[in-house]
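The values are calculated or read from the model by the stated rules, or taken from the named source; none is laboratory data. Just so it is clear, the structure is predicted and the values come from calculations on it, not from any experiment. Note that each Cβ is placed from the backbone with ideal geometry, even for glycine, and that neighbours are counted across all protein chains shown. Ligands, DNA and RNA are excluded from the accessible area calculation, which covers all protein heavy atoms including side chains. Shrake-Rupley method; radii C 1.70, N 1.55, O 1.52, S 1.80 Å.
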Amino acid sequence: MKRVFGVKKDKEPPPSIQDASDRINKRGDTVDDKIKKLDAELARYKEQIKKTRPGPAQEAVKARAMRVLKQKRMYEGQRDMLYNQTFNLDQVAFASEGIKDAQQTMSALKSANKELKGMMKTVKIQDIDNLQDEMMDLMDVSNEIQETLGRSYSVPEDIDEEELMGELDALEADMETEGDSVPSYLQPDKEPDLDSELNLPAAPTGHAPVPNQAEDELGLPAVPRASLRG
């Protein structure tokens, strides 16, 4: 059967935008090379026209230059057409890439939306409000505990400025009546005398005390006299 009817050939996949753009660019490069060759040929004909005198020879060179110029115009038209095709393909490629990016963005948004909905089921606004209220209550209780523990004992707190100044004036008057002395409760503590508390003897000064001697009429020490015993 295959020999009679043959085998169905698989269709080739259509060319992509990039393939079509590459092919057109290659054709454009070929046309550019041809235009460059024609430009060089026209420059050579221009030099020949300048060097030849007016006459049949110069007219023949001008005819050849005219033919080359027409070819150049034709190739330039083809090049412009190829450039327009490349521009259209670039626009289509840009639009296609934009659609692909939009599809990926939509897919990512759908996935994120589904995940967010699942997370929101485990979080309730009422639970958050209750938690905030409990935290505020705990902070208030903690502040009350700190204030209670930091309270002073037996310290009057209702002393005003007038009472303070009166107390200071009275203290100054007491100090003036006692003279220059300072009240005992404002004097610095004295160090205890350990020698007097322990009843220790005084330390020697290095010189023995001289006994009292009798003096004569002139105030000089009296000379002792030997006693004669018969």
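Here are the numbers:
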| read-out | value |
| --- | --- |
| Residue check for residue 73: surrounded by 13 or more Cβ atoms within 10 Å (Cβ to Cβ), part of a helix (DSSP H, G or I) and among the basic types (Lys, Arg) | no |
| In the range 43-68, the residues that are open to solvent by less than 70 Å² (accessible area, probe 1.4 Å) and under 24 Å from residue 82 (Cα atoms) | 68 |
| Qualifying residue in the range 82-105 (condition: modelled with pLDDT of 90 or more, more than 50 Å from the chain's Cα centre (by Cα) and surrounded by fewer than 13 Cβ atoms within 10 Å (Cβ to Cβ)) | yes |
| Filtered residue count, the range 142-175, keeping only those that are part of a helix (DSSP H, G or I) and modelled with pLDDT of 75 or more | 21 |
| Options 131, 89; residue that is hydrophobic (A, V, I, L, M, F, W, C) and under 30 Å from residue 30 (Cβ atoms) | 89 |
